[in-house]
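Chemist: There's a structure below that I have some questions on.
The values are calculated or read from the model by the stated rules, or taken from the named source; none is laboratory data. Keep in mind that what you see is a predicted model, and the values were worked out from it rather than measured. So basically every Cβ, Gly included, is an ideal-geometry build from the backbone, and we count neighbours across all protein chains shown. SASA here: full protein model, heavy atoms, side chains in, ligands and nucleic acids out. Shrake-Rupley method; radii C 1.70, N 1.55, O 1.52, S 1.80 Å.
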Amino acid sequence: MNKELVAELGRRLWQAGDSATAVDPALADRLDGLEMAYAVQRATHDLAIEAGERAIGYKVGLTARPARETFGADEPAAGHLLASRLLEDGEPLATAGLFAPLAEVEVAFTLGEALPGPRVTARDVRAATAAVAPAFEIVDSRWRGGARTLPMLVADNTNAARAMVGPSVAPGSVELSKIAATLTIGSRTVPGSAAAVMGDPAEAVAWLARHLLRGGRRLEAGDVVLSGTLCAPTAISAGDRLVADLGELGRIALDVT
């Protein structure tokens, strides 16, 4: 693997998140597969930490079969979450610095225990979870024109841009796999279902635990995990008000400026 290229792509993608200057997609032709793409993603993570950022957990992407088919993926994709990208409940989303943001409606897990085993199951996830909550994830590609390939998506931290986690509830109080969701943006309504997230959002977190172990990492107590979108990613712009209704899990709202 070309370590200099990994460092260069990581630097460009990291800087694009703050400079509002997208990365030339021609550079992605030098990505030679998923191993290199995850190395680039890790480079962006390390640059963030060196800059004083704090990692608070992970996100899971491509949890719906149609999304995986679009990118020719055999499994979901993982990314990291940074504290500075997390909006407080009620805080508006500023579109300045974003390129073509899309809103996703998710179930957020906060772990109360680590998940270290190589055979983590959805049952293990539910037992280790301290709280669940409705959440928005705002995804946005730092590649000019968006990610065309799976390595591009992964290298760019699976398009993680911003997130907001709503009020949490006890995990045993909601049957997550049966949640139906509705995303409303003005006159637009986008239906969704937890079944679109690998049949059960806890399954996505279990996949993430196993995926991280392959790279020598693990989910730790206190980690926040965005488990995948219940609704189709939906374009947003300044002036929009987003309202997500996840039934028993609750409602959240987000104003876009």
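Chemist: What do you get when you divide the Cα radius of gyration of region 54-101 by 2.2 N^0.38 Å, with N the number of residues? Each step should come with its number before you reach the end.
Modeler: Numbers: Rg = 14.0 Å, N = 48, 2.2 N^0.38 = 9.6 Å.
Ratio of Rg to 2.2 N^0.38 Å for region 54-101: 1.46.
Chemist: Also: At 10 °C and 1.306 mPa s, what whole-number value in µm²/s does Stokes-Einstein give for the translational diffusion of region 27-157, with Rh from the Kirkwood sum over Cα pairs? All intermediate terms of the calculation are to be shown ahead of the outcome.
Modeler: On the way: Rh = 16.5 Å.
Once the numbers are plugged in, D ends up at 96 µm²/s.
Chemist: For ALA108, enumerate residues with amide H under 5 Å from its amide H, sequence gap 5+ or separate chain, H modeled in the peptide plane.
Modeler: Distant-sequence amide H within range of ALA108: ALA133, ALA135.
Chemist: Given a 10 angstrom Cα cut-off, can you work out which residue in PHE109, PHE71, PHE136 is the most mobile in a GNM of the chain?
Modeler: Of PHE109, PHE71, PHE136, the most mobile in the Gaussian network model is PHE71.
Chemist: When N counts the residues of the chain, how does its alpha-carbon radius of gyration compare numerically with 2.2 N^0.38 Å, as a ratio?
Modeler: 0.94
Chemist: Give me the log10 of I(q) over I(0) for region 134-242 at q = 0.21, 0.22 Å⁻¹, as the Debye formula computes it from C-alpha points; what are the numbers?
Modeler: Each listed q maps to, in turn, -1.44, -1.50.
Chemist: Let me ask something else about it. Need one word for region 67-136: rounded, prolate or oblate. Basis is the Cα gyration tensor (sqrt eigenvalues a ≥ b ≥ c); a/c below 1.5 gives rounded, then a/b vs b/c decides.
Modeler: Values: a/c = 2.47, a/b = 1.32, b/c = 1.87.
Note, shape of region 67-136 comes out oblate.
Chemist: Which of the trypsin sites (Lys or Arg not before Pro) found in region 14-103 are loop residues per DSSP with 12 or fewer other Cβ atoms within 10 Å of their Cβ? It would help to have the intermediate numbers written out before the result.
Modeler: Working: sites: ARG30, ARG42, ARG54, LYS59, ARG68, ARG85; in loops: ARG54.
Those satisfying the criteria are ARG54.
Chemist: Shifting gears a bit: Please give the per residue accessible area of the chain, computed with a probe of 1.4 Å over protein heavy atoms only, in Å². Don't skip to the answer; put the middle values down first.
Modeler: Working: 11290 Å² over 257 residues.
On a per-residue basis, 44 Å².
Chemist: Amide H of LEU219 versus every other amide H placed in the peptide plane: which residues, excluding those fewer than 5 positions away on the same chain, fall under 5 Å?
Modeler: Sorted by chain and number, the residues that satisfy this are LEU115.
Chemist: Using θ = phi - 60° and the Karplus curve 6.51 cos²θ - 1.76 cosθ + 1.60, what whole-Hz ³J(HN,Hα) does each residue of region 69-83 get, with Gly and Pro shown as x?
Modeler: 5, 4, 9, x, 9, 8, 8, x, 10, 10, x, 10, 10, 10, 4
Chemist: Label 7 Å along Cα→Cβ of ALA94; region 220-257 residues with amide nitrogen under 12 Å?
Modeler: 257
Chemist: Each residue of region 219-231 in turn: what ³J(HN,Hα) in whole Hz from Karplus with 6.51, -1.76, 1.60 and θ = phi - 60°, glycine and Pro shown as x?
Modeler: Whole-Hz 3J(HN,Hα) from phi for region 219-231: 6, 10, 4, x, 5, 9, 10, 8, 8, x, 7, 7, 10.
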